[in-house]
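Student: First, the structure itself, so that you have it in front of you.
The values are calculated or read from the model by the stated rules, or taken from the named source; none is laboratory data. Because the structure is a prediction, the values reported are computed rather than measured. Neighbour counts are summed over all protein chains in view; Cβ atoms, including those assigned to glycine, are modelled from backbone coordinates with ideal geometry. Accessible surface areas use protein heavy atoms only, side chains included; no ligands, DNA or RNA. Shrake-Rupley method; radii C 1.70, N 1.55, O 1.52, S 1.80 Å.
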Amino acid sequence: MSIEVNNESGVEIDEGLIVSLAGHVLERMDINPLAELSILVVDEEAMSVLHEQWMGEPGPTDVLAFPMDELRPGPGSGARQEGDAPA
């Protein structure tokens, strides 16, 4: 199982502990060993931007999770959505 942690928060985190915990949880959930997990740790300002972009809601949130086969940007993101004509 591939688990990647990227820390863009400016705060020191224990990446090894996060990888270990995530690996344990995914194993207990019987997730396919070929699955990939990417964790991005950001500050409050960046989280607010992502929350607005992907969920269409203002302000920060605790967690944003995206299944890769269902990823679609939220309203007003400026990103093309399924069925949109190319610009």
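Student: Sort out which residues of region 12-33 are in a helix (DSSP H, G or I) and among the polar types (S, T, N, Q), and write them in order of number.
Tutor: Residue satisfying the conditions is 20 alone.
One line per residue, one yes/no per condition, for (1) open to solvent by 80 Å² or more (accessible area, probe 1.4 Å); (2) at pLDDT below 95:
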site	(1), (2)
7	no, no
19	no, no
24	yes, no
56	no, yes
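Student: Continuing with this model, one more query. For region 26-54, give me each residue that is surrounded by fewer than 14 Cβ atoms within 10 Å (Cβ to Cβ) and touching a Ser or Thr at 6+ places or on another chain (Cβ under 7 Å).
Tutor: 36, 43
Student: Same structure again: Determine, yes or no, whether residue 3 is at pLDDT 85 or above, of a type in the set (A, V, I, L, M, F, W, C), at negative phi and part of a loop (DSSP other than H, G, I, E, B).
Tutor: Here the answer is no, as residue 3 does not meet what is asked.
Student: Return yes when residue 9 is under 20 Å from residue 66 (Cβ atoms) and not charged (D, E, K, R) and no when it is not.
Tutor: The answer is yes for residue 9.
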